[in-house]
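Single-structure report; data block below.
The values are calculated or read from the model by the stated rules, or taken from the named source; none is laboratory data. Keep in mind the model is a prediction, meaning the values are calculated, not measured. We place every Cβ from the backbone using ideal geometry, glycine too, and count neighbours over all the protein chains shown.
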Amino acid sequence: MGAQKAVRDEEFRAFTGSAWSRLLRTAYLLAGERHGAEDLVQQALERAYVHWNKVRAADDPNAYVRRILINEHARRFRRRQVEHLVDAFPDRPAPTGPDPDDRTVLLAALAALPPRQREAVVLRYWEDLSESQTAAAMDCSVGTVKSQAARGLAKLREASSRNGLTSIGGSR
Amino acid sequence: MSTESWPGDLGDFGGPRGPWNGDAEAAEAAVSWELGELADSVEAGPVPYERLLDGGRRRLRRRRLLTAAAVAMAVALVGGAGAVTAGGGYRPGGSPVAVPPASGFSLTAAPATGTPSAAPSGTARDPFTPIRVKVGEGISKGRALEAWIALWPAAPTAEAGREQGRRIWEERHAVDPHLPPDPEPSALPTPQRGVLLHNPAVVWDPHKDRADIYLVVDGKREPGDYVDAVPAPGGTTPGEPDDAINGVLLTRLVNPAASSPEMVVVRVGPEVAKVEVDWKAGGAVSAVPVGVGDSTSRWYAVVRTPGAMDNTVISFAEDGTVLRTQNTWW
């Protein structure tokens, strides 16, 4: 029993060491802020620890844990009734600052997306998953991924143009 | 803001209007690049190994304790049901005998007694392979009642939805030979078609699982089931936020022809850990909602106290706090 536990812990450490950075960045895009992202990854990895036998037996452990992360994000959103979503990004003065301000704009636009659209956009365009991989991670159909990603993208574009940005990234 | 071109090979997408105003491919490339920039701005820092391990171990311990508790509860429930059969309740051919409140007469299954016939969450969802789980059981008039759910995962296409509907109908028809064929919506006049929009047995929705709720009496499935549409995990159900399903009473399973006792099956949200039904006529019974596969819905079932209506149901969260109190129509 003790040996099994030691093996589990060792494998978990190795996996966490390689996956932490990527998971944290994905979570950051989903949660919209650092502390929320860390909490999200913490919860997801704790769940992964509980189901470690399934994680290690999975064809792609990273995909398995990513799916836990997405589920955790969805579950958290369902609990958080206080989060207020808007259809359109609120009007704001044209930004004048350098890149960090543009990042704030993008992060705010991303946070304004409904959670499923946010997940679809992040998985498709940051994680660079295919539509079928995204569907597997979100536990939905490819059609849902297409529609959610397209709507999310359209809203980001709308937010971009409303804020007077040629691109959200701004000057380079 | 600059309108300079994008870095690297994205530069061609920019043009005078900029990438966000260009075609869809350019927009995808642009947002991909921007998200990468944003994500890379996060300093990952050192991995909090010990914190993660501590949290994981804590969860593991809690899970093992809960499993042990559920098994113990299931054993207690089986013993309790036997005692009631022997000492009270309804006897075959006899008149009703008063049953003390919360005696286990109207009994529901604890999660551990659910017996899925297919793999639960974590496996691929097959719209043609239902997951069956017993969500409650009890004894009345000397007959063993069981409420079952056959959850058919959402069909991704209209064609698969029709095929799934056909299979559900075949299964129901095998139990009830008088069951009429499901109508084809397009073959009906518009007013009737409108009514069908509320019939989940007929209308396909890619974001909804179909749940066939049925009663098994003395080991035999009874006619008079009910097909419901419930949100599929990860699906979108416009106009029906998650909290709208909480505490909705779904159906009452009755077989009047056989003078079958009644059982009530209720769908609740995942936040409901326990319910208590206070019968207006006196007495109470508690029930633990049961999950089916990876569905976000839970179900509980109770044997209805004859003649009682307008009862009260109190829903509890896992930590024991009262979520809501509702009056029932049953």
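Cβ contacts < 6 Å: first residue more than 7 Å from chain B (Cβ to nearest Cβ), restricted to the stretch A:140-151; second residue assigned to a helix (DSSP H, G or I) and among the β-branched types (Val, Ile, Thr), any location; separation 6+ or different chain. Result?
Listed by first residue and then by second, the contacts come to A:Val145/A:Thr134; A:Ala149/A:Val121.
Could you count how many residues in the stretch B:233-289 are on the phi < 0 side of the Ramachandran plot and at pLDDT 50 or above?
30
Look at B:Val303 and say whether it is aliphatic (A, V, I, L, M) and at pLDDT 85 or above.
Taking the combined requirement at face value, the residue does not satisfy it.
Can you find a residue that is within 12 Å of the chain's Cα centre (by Cα) and either modelled with pLDDT of 85 or more or not in a loop (DSSP other than H, G, I, E, B) (or both) anywhere in the stretch A:73-88?
yes
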